[in-house]
1. With the Cα gyration tensor of region A:211-276 giving a ≥ b ≥ c as the square roots of its eigenvalues, does the rule (a/c under 1.5 for rounded; else a/b larger than b/c for prolate; else oblate) give rounded, prolate or oblate?
2. Treat each spin label as a single point 7 Å out from the Cα along the C-beta direction, and report the residue A:516 to residue A:854 distance in nm.
3. Can you put A:141, A:729, A:734 in order of Cβ neighbours within 10 angstrom, beginning with the fewest?
4. In deg cm²/dmol, rounded to 500, what helix-only [θ] at 222 nm does the protein assembly as shown give when every DSSP H run of at least 4 residues adds -39500 (n - 2.57) and the total is split over its residues?
5. Write down Rg/Rh for region A:67-209, rounded to two decimals, with Rg from the C-alpha atoms and Rh from the Kirkwood relation over Cα pairs.
6. Could you work out how much longer the chain between residue A:140 and residue A:629 gets when fully extended? Use 0.36 nm per residue separation minus the Cα distance between them, nm to one decimal.
7. Test of understanding: ordering A:732, A:89 by Cβ neighbours within 10 Å, fewest first, what list do you get?
8. Eigenvalues of the Cα gyration tensor times 5, then square-rooted: what semi-axes does that give for region A:367-473, in whole angstrom, largest first?
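Here, each number is a calculation from the coordinates, and none is a lab measurement. Everything quoted here is computed from the prediction, not taken from an experiment. Glycine also receives a Cβ, built like all others from the backbone with ideal geometry; neighbour counts cover every protein chain displayed.
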């Protein structure tokens, strides 16, 4: 019976005809005349049409046919009201495009797997020790994994570095010879790298371009194969171009790929010698007949040695699934969900608006609906028809929303790059953000959900009619529908107020941060950091810069201010634990950055040379550690990380736990001076209890430089060219102005303010139009009443007041609710965000948002109020309601 | 037997009993729609009135549930007709429904008490 074909109506009719014929024959046999028999048979059967109808309805395809019918009807109906369709589609499209943008980004980073063969069998290999961990390996470790053919179908290694090509910074993935063979990514032109390209160090100078590099740098030159490319002054030959969808195995797209054997030739460390650096990222393709648990278990039996915190330690390799560029951790989700919520709220506001318009339309159509009900349509059928209309609108909106989303994404990427400091912006790469089937499916899903949100209520409302009411032209539901519309407007006002509060708080914090006193002068200061752990490099760079006539001054530091959180340690004090931070600086540091020494003295040249155990403490540090006491001459034990090795987060945590004196890195310093407070880490956290310790250019702690040119506006580029004299590879130094670093630090806040403002402006516009719609509708229903009022002596002013009162009443509930929700949201956020220079609960922001909402309400009521004031009572009374 | 007579004496079928009677009729072998209707009426000595119009939706329903199967064939008097056959599942259903109906009838009989003359 499963393969039974659906019966046709004809087949069924034939059966009925046969039945009637058989019955008639029986009656003829009983002695009736053929005509009488036929008539009798028909009579016994009853209504053939009715039977056929029942058969027709029993077929399951009926709903589909009705759907097509509804769709056709809806199309006809919508074509007749173009203005309604256009406004509704536009409103919904705005809301839908916003969530689509969020989804497209999520999709590109978290959902879409790498464009390689069987991405779900890829695992990245990382290592874990007691209190440390990492994701990079030595060449010999990689060889160890490579020999596990019993677990893996292939194991690949990559190390990523930046190189310069004709003044352009490019990110290069140096990959093992089997990289592309194992991944099986598509090539657009030529061929990808093969094992034969990585025979021996420096063996084959070949390079593979990403599609983006090919189009952007080489103008999609069709004759690119075999062309020379200069990387760090070395000649390499292009052998192919990858397809646009493959950009590398993480969220930072590569510009080029070269054989691992070329890494040292291009200025990298020797990967294969006796002192193998830990710099290879390893990815393995699990064999199909091995489960991840089996592979993990087998790897656990084979620990290998590596240096952790300066000591050899046995560590275990761990496998982590790696099919997509990013993974959404629980923490990530917690951070991102308020952002998602904001976007979804705007969609909700848009749906409320559309719902409002649909309600008005349904009310206008109550006569039509009444007639349909009275000639026998059942309520479910009409609701289905109205929902079909809604679905049609939603689908149109989803299409428009997709187009708008594509536009918004481009705009967003453009703004992202523009808001970043130019030096950083040059390095920004996005994974391909194009729309695939997932995005389309999402848009369709959103359209269906939106249909329920904006079309279901109006449909239920519209069909709640009694026949008499409907035919009289007096919808009994009118009163209830106006309550419904007020609720929708209340919701909209709430949403926009909450978004406004968030946005205004962000903007106000943004401006406050911009004007925060850093405590030092960033003007014209350029930071020079090195990417190699090589003190000699710093010294050479120092000598080159100091001797250059264009350079005014050079200072030496262990780390420059604003470049992330400075290293720190806990200090046990009677009243609790104080976190202290430190940096090593040369004696000129304070004068260079114009940080005044408020008490005591700075460092002498001798102290700097010897890196003596003396310290200058920040003013807030002094008052935290020795309140009401003279800090000069006091001694204190500080935990300092050993030279030449940066502690991992796990190690820092480990050190932080053993407070004070037990630490193996502790040194005792004597305080010689107090400097005024300055921001050393993040501008949001403000000034900390900071210790400055002495160093000099040839000191063991020298790791970074800061320079100021003799003429104002000496550029990053000119410093870079000077540094070429210290090292031929320009990528070993990171040259960035402090102002750019500051821009980078404030970037997240500025980006968030921009997005917040954008969302709240849209939400505000939606609630203005929603409120306007409700007012116009309500007062069009009340024209007669107003006419009577005016005839009885009410002035135009009084009528206008009536409108404003009504609108204020509508908005007041939403405003109260919005303030309440806004406050609880901020209250919650204030427990998450505890930053010195960021005020989360900002009364000013609440006040500004309130004023903005009030202004919006006034704006929405202005038109309807004017119109109501101009009602002519005499014509109103004559008109037949 | 004229249609007139049927209307006066016959009893309309109880809701839901038509399915049972159809299954029962088909127990004796394949039959077409008119034959089923006739057979029910005859076996009930023309006391039961089968609404021919509602017979077909019922057949359709039983077919959809897989209790009966249908095939076009030729009737005794050489007419093309659609013949229905009881399936294995239909047989089981018939047994179950018959038992249920007997229990129901017996219960109602007990409540109504002995028949009054």
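1. Working: a/c = 2.72, a/b = 1.54, b/c = 1.76.
In terms of gyration-tensor shape, oblate.
2. About 3.2 nm, to one decimal.
3. Ascending number of Cβ neighbours within 10 Å: A:734, A:729, A:141.
4. It comes out at -17000 deg cm²/dmol, rounded to the nearest 500.
5. Radius of gyration relative to Kirkwood radius: 1.23.
6. Value of the extension gain: 170.3 nm.
7. The fewest-first ordering by Cβ neighbours comes to A:732, A:89.
8. Working: eigenvalues 458, 34, 14 Å².
For region A:367-473, the semi-axes come out at 48, 13, 8 Å.
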